[in-house]
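Structure record follows, encoded as structure tokens.
Readers should treat all values here as calculations from the given coordinates under stated rules, not as data from a laboratory. Bear in mind the structure is a predicted one, so any value in this text is a computation, not a measurement. All Cβ positions, even for glycine, are placed from backbone atoms using ideal geometry, and neighbour counts span all protein chains on display.
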Amino acid sequence: MAQQEKPAAYAPDLVRDFVGAGHKDLTKIQAMHKEHPNLLFAAWDWGGGDFETALEAAGHVGNKEIANYLLSQGARPNIFVLTMLGKTALVKPQLEAMPQLITSKGAHGFSLLHHAQRGGEDAKELLDYLQSKGLKEVRFKLW
């Protein structure tokens, strides 16, 4: 059986457009994902190592519809998006097992507190928890 050749890397403009759409354009996300399924895993470097996926874009702006769509299609979840979605049962044990994660930097340096704020009522329990642990920063410097 012949081995299938690995496809070429995605064009940078394609990745940037997909990540950009992750902030606000579900229709574009769905169309681009249909044509290029592995864009789910692509990250754009905004400069200086500030990498962001479409899922992370949806996370830091609080776009639950796009985040849930991307997760339903197999995007890799992370603590920031899970915080925005109010997934307390998944986030809290991670922070209890590894307390240093409370100061983790998400895309653009946004903190877990920022993501909890963007999650609204769904993330209220996590917002209160993060504040009880002393987290005040909504954004950390990346460089």
Correct semi-axes for segment 12-132, from √(5λ) of the alpha-carbon gyration tensor and rounded to whole Å with the largest first, are 25, 15, 12
Ignoring trypsin sites (Lys or Arg not before Pro) buried by more than 15 other Cβ within 10 Å or outside DSSP loops, the longest site-free run in the chain is 25-132
With +1 at each Lys and Arg Cβ and -1 at each Asp and Glu Cβ, the charge dipole magnitude of the chain around its Cα centre, to the nearest 20 debye, comes out at 260
From DSSP H assignment alone, runs of 4+ in the chain each adding -39500 (n - 2.57), the sum over residues rounded to the nearest 500 puts [θ] at 222 nm at -13500 deg cm²/dmol
Sorting F18, F41, S111 by the position of each Cα along the dipole of the chain (Lys, Arg +1; Asp, Glu -1; all at Cβ), the one nearest the positive end of that ordering is S111
Reduced to Cα centres, the span from segment 103-128 to segment 1-36 in Å works out to 27
Tilt, helix 12-21 to longest principal axis of the chain (alpha-carbon atoms), in degrees rounded to tens, equals 40
Cα-Cα longer than 24 Å, checked against K64/K124; K92/K124; K64/K87; K105/K133; K6/K64, kept in input order, equals K6/K64
Looking only at aspartates and glutamates whose Cα falls under 14 Å of K136's and that sit 8 or more positions away or on another chain, we get D128
Here the net charge surrounding E35, from other residues whose Cβ is less than 15 Å away from its Cβ (Lys, Arg +1; Asp, Glu -1), is -1
